[in-house]
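What follows is a set of notes on a single structure, which appears directly below.
Every number in this text was worked out from the coordinates using simple rules, so none of it is lab data. Model, not experiment: these values are computed from the prediction. Here Cβ is always computed from backbone atoms with ideal geometry, including for glycine, and neighbour counts include all displayed protein chains.
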Amino acid sequence: MAETVYPVPANWAQDALVDEAAYHAMHRRSVEDPVGFWRDAAQRIDWIKPFTTVKQTSFNEADFGIEWFADGTLNLSANALDRHLETRGDQVAILWEPDDPADAARRITYRELHADVCRFANVLKSRGVQKGDRVTIYLPMVPEAAVAMLACARIGAIHSIVFAGFSPEALAGRITDCDSTIVLTADEGLRGGKKVPLKDNVDEALGHCPAVETVIVLRRTGAAVPMVPGRDVDWAEVAAAQSTVCEPEEMGAEDPLFILYTSGSTGKPKGVLHTTGGYSVWASITHQYVFDYRPGQIYWCAADIGWVTGHSYVVYGPLMNGATTVMFEGVPNYPDASRFWQVVDKFGVEIFYGAPTALRALMREGDEWVTRTSRKTLRLLGSVGEPINPEAWEWYHKVVGEGRCPIVDTWWQTETGGVMISPLPGATALKPGSATRPFFGVQPALVDNEGVPIEGAGDGCLVITDSWPGQMRTVWGDHERFFQTYFSTFPGTYFTGDGCRRDEDGYYWITGRIDDVINVSGHRMGTAEIESALVAHAKVAEAAVVGMPHDIKGQGIYAFVTTNANVEPDEALRRELVQWVRHEIGPIATPDVIQFAPGLPKTRSGKIMRRILRKIGENDVSNLGDTSTLADPSVVDHLLANRPQLA
Ligand code: WT7
């Protein structure tokens with residue numbers, strides 16, 4: 001496909017916060033004088049005690065450390081709420097759209113949100129939660145989820161949100177890892193007309209978590225759920241008893257704000273830790289410039305708060321910037337494939353930020369679902385979570401945005417806290433499929449497998465050579481793992497785990513993960529995690545998981561499974577294993593293909609040759625490379641001869 005370039009539309013070049021010349025000037029200053037740039041930029045935050053030091057960071061083993069604005073103090077909830085009360089207290093902060101369009105939307109003003117947050121902060125205090133304690137949040141996409149996050153931030157408790165689609169096992173692991181003694185949940189969630197038994201899941205998880213003392217249960221559907229006396233309390237009841245006055249806790253810039261678990265190349269999810277000051281600056285400045293955001297505009301990020309996108313771009317970034325942020329409980333195709341665009345029309349959404357996997361699914365349903373809606377308020381579109389293929393990009397641009405809305409394809413990670421590489425709508429000519437250029441303060445570089453820098457156009461491993469304020473600070477409970485995972489592969493740099501190409505114009509094209517992580521519908525899955533779920537099944541001896549191309553999900557899950565001796569693998573077992581993995585991790589980990597094999601390709605030292613399995617998963621078997629070092633090369637012939645017929 002010939003590369004198309006979409007120049008900045010004239011109205012955007014004129015009216016945007018940043019044009020091409022300003023982008024270059026600001027980016028240059030941000031890397032040549034990071035201290036000056038960030039000292040100025042951080043004034044966007046209301047500090048309680050101003051910082052005097054800006055940046056103390058090193059990626060080298062000898063003096064490794066990452067601190068930003070370290071001696072300043074602030075409170076994020078005060079920056080997201082209190083500071084707006086005078087100027088925009090009656091403006092809607094959260095516009096909530098329920099799963100069922102027949103149910104009533106909720107409009108919560110900054111003043112109301114402030115009161116709700118203070119009240120719930122007092123609830124947490126009354127249950128003994130103190131600064132630094134961990135609060136696990138397992139809630140659906142309801143405003144109370146945002147209230148809970150902000151209430152934690154207000155009293156200095158560290159929230160750990162677990163996506164409400166995760167299984168009881170996954171929830172239990174995350175509660176235990178951060179020693180959380182309180183869990184916030186709902187009776188049931190509601191998504192696409194289906195009920196999700198959240199409280200039942202919590203009860204099952206807590207069988208493994210004896211330290212949990214309190215469960216606060218929000219009534220969402222009103223389903224009868226068992227309440228354990230002394231442990232479980234009703235959200236509305238305990239909130240009603242509290243006052244709406246709660247002074248924000250003075251937090252050090254480097255005090256922890258939240259933990260969010262994410263998958264890596266080993267079996268156990270990592271608790272990514274973000275701190276208060278740098279994250280606040282990063283979430284708010286990226287939200288402002290990437291979306292060219294002006295206070296009062298109606299903005300919608302369609303991500304779930306269970307992922308980092310929901311943290312930074314549904315809740316924290318937009319609220320710090322005085323936005324009206326849409327929160328959507330439902331799914332793109334319920335009741336039908338017009339749902340997103342009907343919500344856009346209902347609320348007059350100007351900026352829409354979504355995931356390629358949803359766009360691909362909607363694209364397949366045909367243009368009519370889109371074109372029957374108006375969408376005249378849309379000015380800007382965003383994409384996040386995985387590479388957007390040029391076909392989906394063109395459809396998004398032409399059909400959804402009617403050619404008038406720039407698309408910001410934002411590359412970033414849970415670890416980066418906010419957007420790292422993205423167009424700025426008034427500054428960057430767009431190329432479909434490219435995340436284009438670095439944000440202020442971001443210094444990307446490409447290196448080859450040996451760590452040798454690649455200059456100019458080329459292909460390599462994407463690293464970041466210097467710190468930025470929104471960077472994660474540690475892996476919860478395992479600082480050594482933090483260093484080993486991100487800073488030891490290419491010493492002196494942060495390794496992203498992504499492969500990337502840079503073109504002649506200096507544009508970045510993310511090519512996907514180069515570690516044992518796959519990206520399924522924009523959700524990150526460690527292959528090792530799925531493997532350990534499979535081998536936990538009594539009939540499974542060994543398993544290896546790789547990604548496979550998938551039209552809608554981007555990548556699907558391809559599992560090779562060896563059963564125990566005396567177990568005859570059959571269709572019933574295949575189905576059982578699919579259900580098993582769903583139960584162990586959650587529906588997002590549902591394997592697309594399970595191939596039974598009497599043996600996996602291993603070297604003589606017993607290491608599985610994943611390279612070969614990846615090629616089979618990708619259906620690229622014409623050249624499997626050197627197989628002579630395999631202990632038993634005939635294993636590969638068996639795998640090739642018995643590939644399941646794919647739809
Ligand atoms: C991985 C991070 C970004 C927050 C949500 C996902 C992939 C993310 C893009 C993009 C190509 C992308 C990368 C990255 N990714 N955005 N615009 N283009 N790839 O956060 O779960 O931490 O996943 O998602 O592979 O490393 P995450």
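In this simple spin-label model, placing a label point 7 Å from the Cα along the Cα-to-Cβ direction at both Ala429 and Glu365 gives a separation of 3.6 nm.
With the simple model of a label 7 Å out from the Cα in the direction of the Cβ, Val567 to His638 spans 1.6 nm. Residues Glu394, Glu204, Glu188 in ascending order of nearby Cβ atoms (within 10 Å, fewest first): Glu204, Glu394, Glu188. DSSP finds beta bridges in the chain, and of those with both partners inside it, around 60 percent are antiparallel. Taking a ≥ b ≥ c as the square roots of the eigenvalues of the Cα gyration tensor, the chain is classed as rounded, since a/c falls below 1.5.
Between Thr629 and Arg611, the modelled labels are 0.7 nm apart [label points 7 Å from Cα along Cα→Cβ]. Which FRET efficiency, nearest 0.05, do Glu237 and Asp336 yield, Cβ-Cβ r, R0 51 Å? According to the calculation, E is roughly 0.85. Across the stretch 1-129, Cα pairs under 8 Å and at least six residues apart give a relative contact order of 13 percent. When Tyr396, Tyr507 are sorted by how many other C-beta atoms sit within 10 angstrom of their C-beta, beginning with the fewest, the order is Tyr507, Tyr396. Between the alpha-carbon centres of the stretch 608-624 and the stretch 357-431 there is a gap of 32 Å. Rounded to the nearest 20 debye, the dipole size of the chain about its Cα centre is 580 debye, using +1 on the Cβ of Lys and Arg and -1 on the Cβ of Asp and Glu. Structure note, pairs Lys194/Lys553; Lys346/Lys376; Lys553/Lys615; Lys268/Lys607; Lys346/Lys398; Lys194/Lys398: Cα-Cα distances above 23 angstrom occur for Lys194/Lys398. Ordering 163-173, 450-460 by mean Cβ neighbour count within 10 Å, with the highest value first, yields 163-173, 450-460. Among Cys405, Cys301, the order by Cβ neighbours within 10 angstrom, fewest to most, reads Cys405, Cys301. Of the beta bridges in the stretch 170-296, as assigned by DSSP with both residues counted there, near 55 percent are antiparallel.
Counting only DSSP beta bridges whose two residues both lie in the stretch 511-647, roughly 80 percent are antiparallel. Think of it as helices only: each DSSP H run of n ≥ 4 in the chain is worth -39500 (n - 2.57), and spread over all residues that comes to -8000 deg cm²/dmol at 222 nm. With a Förster radius of 25 Å, plug the Cβ-Cβ distance of Arg404 and Glu504 into 1/(1 + (r/R0)^6) and report the FRET value to the nearest 0.05. After rounding to 0.05, the efficiency reads 0.35. Counting only cysteine Cβ atoms and a cutoff under 4.7 Å, the chain contains unmatched residues Cys152, Cys178, Cys209, Cys301, Cys405, Cys461, Cys500. In this structure, the amide hydrogen of Ala597, modeled 1.01 Å from its nitrogen in the peptide plane, lies closer than 5 angstrom to those of Val561, Thr562, Thr563, counting only residues at least 5 positions away or on a different chain.
Each Cα pair under 8 Å and six or more residues apart adds its separation to the average, and for the stretch 540-647 the resulting relative contact order is 26 percent.
The stretch 445-509 and the stretch 511-549 have Cα centres separated by 23 Å.
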